[in-house]
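The values are calculated or read from the model by the stated rules, or taken from the named source; none is laboratory data. Remember, predicted model here, so these are calculated numbers, not experimental data. All Cβ positions, even for glycine, are placed from backbone atoms using ideal geometry, and neighbour counts span all protein chains on display. What goes into the accessible areas is simple: the full protein's heavy atoms, side chains included, and nothing from ligands, DNA or RNA. Shrake-Rupley method; radii C 1.70, N 1.55, O 1.52, S 1.80 Å.
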Amino acid sequence: MFGREGSKNTTHRLNGRVVRPDGYSRVMHRSRLVPLILSAALLGAACGSTIEGRPTAGEWVPTAENPDPSLALDGIEVVQYPPAFHALANYRVAYNYSPPMGGRHDAAWATCTGIVYPEPVRTENMVHSLEHGAVWIAYDPDALDDQQVAALADRVDGAPYTMLSPYPGMDRTISLQSWGHRLAVDSADDERIDQFISALRLNPNTFPEPGATCATLPSTFDTLNPPPFVEGPPDPASPLTLPE
């Protein structure tokens, strides 16, 4: 939650892209055994083969050899953020990205236990949840129909460390955020949404606070009545505006 500031945020570009036998046996008649052996052989061959150009089951799951699979996503944006300071509830942060993917944030995180927010939520609270390992899906409410919003909600509803909310005024249809990572897509059917979530939700290699909870108390963050979203950038001359 609290950390040092001073290291400059840097954006990376990757390959032109900006940068989850029980031991029982019995005697069997030979005439029944042979077809089973053949079936097993065919099944083993099918499971052991892959289709050229298609992802394997574990391609988007972090491993020691591949700690951040999201780097292979077309269009991924990656920024190195140190653990950030907190902002009081009456302050706004001048984020460099909209929606933001890291930086200074409110002391209270938004509930991210698979919550579908029907209304926009204060950005500074949503960013804090990213620091806990959550994935935030934001969408332009004027660009998606009800069917597309429902498809996004199906991915999030009840899924730990995820949250969905409308985000008016952004320059993209759908934007996915995790700490230091962002991806824009045009449709809820885009396969990169699931790949992004698999690669980055609770990926201990990519966020500052592994083990931090996504649950909240109404005294700190009321899920049913969250702090309201403020559209547009904050006034840079205001004493209540803080740098990212």
So, with a 1.4 angstrom probe, what is the percent of accessible area on segment 90-244 that is carbon and sulfur? 52
Output the peptides 159-168, 82-91 sorted from most to least packed, where packing is the average of other Cβ atoms within 10 Å over each peptide's residues. 159-168, 82-91
Rg and Dmax in Å for segment 122-244, alpha carbons only: what are they? 14.8, 43
For I193, what accessible area in Å² do you get when you roll a 1.4 Å probe over the heavy atoms of the protein chains, rounding to the nearest 10? 0
Please figure out what share of the DSSP beta bridges in segment 79-201 is antiparallel and state it in percent, rounded to the nearest 5. 45
For segment 92-156, accessible area per residue (1.4 Å probe, heavy atoms of protein chains only), Å²: 32
After finding the eigenvalues of the alpha carbon gyration tensor for segment 52-132, what semi-axes result from the square roots of 5 times each, listed largest first in whole Å? 30, 15, 12
Once you put a point 7 Å from the Cα of A72 and another 7 Å from the Cα of D189, both along the Cβ direction, what distance in nm separates them? 2.4
Per-residue counts of other Cβ atoms within 10 Å, averaged by peptide: what ranking do you get for 139-147, 196-204, highest first? 196-204, 139-147
